[in-house]
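Here the structure is laid out as structure tokens; the discussion comes afterwards.
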């Protein structure tokens with residue numbers, strides 16, 4: 001499915017399907033974006049990660065894979081200011097950026113997971129176990145008691161491998177590059193690999209910090 005032109009909001013964070021995105025809007029062009037969305041039947045815009053540079057003032061480099069943000073709550077604070085709560089939905093791929101007039105816009109398409117190798121459920125369970133071990137390690141060093149298994153509890157309740165992996169990724173303190181790699185993996189099987197590598201990176205960083 002192709003969406004001809006969609007309002008876009010570049011962010012300094014990668015957002016994954018299933019997450020919530022709170023926003024405070026005050027910049028005039030994004031006030032215009034919100035007004036356009038709220039006037040539409042489906043108040044939705046796209047979000048993508050800024051890969052380099054800063055969005056304010058232009059000159060940023062934007063990723064090609066993002067997600068739809070559905071406005072679920074909004075408050076008009078006056079003077080062009082808004083407070084939004086958005087739910088992150090389907091993954092999208094940018095086909096072509098349009099001029100930022102009056103706000104960023106792009107032609108996009110919905111980009112569901114592509115056909116690929118079967119998802120190895122045992123590999124996802126292994127990721128969960130390593131996440132639990134990581135949080136148990138941190139808790140032990142800090143001298144606190146936690147039920148680390150709660151960290152992954154319910155992540156698989158949807159019965160959908162893609163949602164399961166996204167849910168686990170949101171519960172792990174990974175960097176934006178690793179989070180984007182999870183989002184941009186073409187297939188669910190490749191997302192397992194991306195998330196596993198992200199877990200390895202976090203474990204290595206934590207062990208390095210704890211050893212100093």
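Here's the yes/no breakdown for (1) closer than 14 Å to residue 206 by Cβ; (2) in contact with a helix residue (DSSP H, G or I) (Cβ under 8 Å, 6 or more places away or on another chain); (3) outside the structural domain of residue 89 (by TED's automatic domain parsing):
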position	(1), (2), (3)
127	no, yes, yes
132	yes, yes, yes
137	yes, yes, yes
140	yes, no, yes
146	no, yes, yes
149	no, yes, yes
163	no, no, yes
168	no, yes, yes
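Within region 111-123, track down each residue that is surrounded by 14 or more Cβ atoms within 10 Å (Cβ to Cβ) and under 19 Å from the mean Cα position of the chain (by Cα).
111, 113
Does residue 93 satisfy the condition of being at pLDDT 95 or above and over 19 Å from the mean Cα position of the chain (by Cα)?
No.
Among (1) within 11 Å of residue 131 (Cβ to Cβ); (2) without any contact (Cβ under 8 Å) to a residue 24 or more places away in the chain; (3) surrounded by 15 or more Cβ atoms within 10 Å (Cβ to Cβ), where does residue 149 come up short?
(3)
Out of all the residues in region 162-212, which are in a loop (DSSP other than H, G, I, E, B) and closer than 20 Å to residue 110 by Cβ?
185, 186, 187
Here is a check on your reading of the model: is residue 82 surrounded by 15 or more Cβ atoms within 10 Å (Cβ to Cβ), in contact (Cβ under 8 Å) with a residue 60 or more places away in the chain, over 15 Å from the mean Cα position of the chain (by Cα) and more than 25 Å from residue 185 (Cα to Cα)?
no
The values are calculated or read from the model by the stated rules, or taken from the named source; none is laboratory data. As the structure is a prediction and not an experimental result, all values here were calculated from the model. Cβ atoms come from the backbone with ideal geometry, glycine included; neighbour counts cover every protein chain shown.
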